[in-house]
Amino acid sequence: MQRPPSWSEHNAAAFQLDDVVEQYHLRAPYPSTLSPFLRDLALPPSGVVLELGCGTGRVALPVAREGATVVGIDRSEPMLDRARKRVKRARLQSRVQLVRGDIRHLPFPDKSFPLVMAPYGILQSLLAERDLTKTLAAVSRVLTKKGTFGLELVADLPAWDEYSKKVSMRGKRGPNGKPITLVESVKQDRARQITRFEQEFVEGRGKGAVRQKFSLAFRTLTVPQMVRRLEKAGLEVSALLGDYQGGPWDLRAEVWIILARRG
Ligand SMILES: C[S@@+](CC[C@H](N)C(=O)[O-])C[C@H]1O[C@@H](n2cnc3c(N)ncnc32)[C@H](O)[C@@H]1O
C-alpha cells in the first residue's frame, strides 16, 4: 500500500496548483520596500543571502532591489516559474538566483551564506520533528562563521479560534478578471500543535462560479521551543523581535522573528 503523503508534502502539493500560485499575491501582499531595520539585516557586508522557500519572490525581490544578491530555494516549480518572471520583469537576473530543491537537504557547500532567512512561516510547514531537525542542521551547515539565521513564524496559530466556512477574503477582480472570494475553515489539533486550513477559492458568481479547494497545515512551536531547537542545531539566539522595525518580542506580539548566530 502506498504511504499517504505527510501534511508537509501536502502543503508542497498545494503550492504546485496553478490556482494557488495565481492567487498567492492576494493573500500575501508584495512589499515594494523593506523597513530600514530589515534592510540593514538583509544587507550583509559581503556574500550572498539564502532564502528558504522563496515562493514567488515576494521577499527575495525587495531584498535584491536593496542591492543584495539572493539565492532562493523552493520545491514548487510553478512558484519558481512565477518568481522567474517577476525577476526578469524587474531586471534583477544578475542578483537573484532561483534553485529548485528541498530545504531539508540544502544543495550548497558548507559555510557559504552569511545570512539565511526563513520568512513567512516556512519552518511551520515542516510538520514532523525530524524534518525541522534536518532543516536546522542544514541551515547551520551552510551558514558562515558568525553568520545569521533570521526566521519568521506566523504568530501564535494555535491560539486562533476554530471556524468553519468563513469568508476570509473578497476581491473585486481575481486573476481571471472575475470577483473572487476565499472561504476558509480552521481546525486545531492542539495536542500536536498543528493548525489546518481548508480553503476554497470561488471565482465568479452563481452557477458559473469556479471552485478550487485545497488545504494547508502548519505546526507552531512556541518561541522558547523553537529557541531550544535552534540551540540544539548549534545556533545561538541573538534577538527575539516582535515587529519589522526591530522592536522586542513578547507573548502578545503579532510578529515573531528570531535571529540566531552560527558560533
Ligand atoms: C507560504 S510560501 C512562502 C513564500 C515566500 N517566502 C513568501 O514570503 O512569500 C511557502 C513556500 O515554501 C515552499 N516549501 C514548502 N516546503 C518546502 C520544502 N521542504 N523545501 C522547499 N520549499 C518548500 C512552498 O513551495 C512555498 O512556495
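Here, each number is a calculation from the coordinates, and none is a lab measurement. Given the structure is predicted, the values throughout are model-derived calculations rather than measurements. With ideal geometry, Cβ positions are generated from the backbone for all residues, glycine too; neighbour counts draw on all protein chains shown.
When peptides 189-202, 152-165 are ranked by their average number of other Cβ atoms within 10 Å per residue, the highest-first order is 189-202, 152-165.
Along its three principal directions, the equivalent ellipsoid of the stretch 71-198 from the Cα gyration tensor extends over semi-axes of 30, 24, 11 Å, largest first. Annotation: peptides 64-77, 105-118, 236-249, ranked by per-residue average of other Cβ atoms within 10 Å with the highest first, follow the order 64-77, 105-118, 236-249. Computed over Cα pairs, the Kirkwood radius of the stretch 157-219 leads via Stokes-Einstein (1.567 mPa s, 4 °C) to a diffusion coefficient of 103 µm² per second. Our summary gives the chain a relative contact order of 17 percent, counting only alpha carbon pairs under 8 angstrom and 6 or more residues apart. Would you mind getting me the FRET efficiency between ARG89 and SER164? Use the beta-carbon distance for r and R0 = 45 Å, nearest 0.05. Result of the calculation: an efficiency of 0.70. Percent of C-alpha pairs per 5 Å bin in the stretch 40-130, short distances first: 3, 15, 26, 25, 19, 9, 2, 1.
Within the chain, the selection of entire DSSP H helices by a Cα span of 15 Å or greater along the long axis and an average Kyte-Doolittle value of at least 0.5 returns an empty list.
Net charge dipole, the stretch 157-219: roughly 240 debye, given to the nearest 20, about the Cα centre with Cβ charges of +1 for Lys and Arg and -1 for Asp and Glu. In this structure, the pairs whose alpha-carbon distance is over 27 Å, taken from LYS187/LYS207; LYS134/LYS166; LYS145/LYS232; LYS172/LYS207; LYS134/LYS213; LYS88/LYS111, are LYS187/LYS207; LYS134/LYS166; LYS134/LYS213; LYS88/LYS111. Working note: Karplus 6.51/-1.76/1.60 with θ = phi - 60° gives the stretch 111-120 the couplings 6, 9, 10, x, 9, 10, 10, 10, x, 6 Hz, where Gly and Pro are set to x. Think of the stretch 28-128 as a dipole: +1 on every Lys or Arg Cβ, -1 on every Asp or Glu Cβ, centred on the Cα centre; then among VAL116, LEU61, LEU126, LEU61 lies furthest on the positive end.
Rg and Dmax, both from the Cα atoms of the chain and both in Å, are 18.4, 60.
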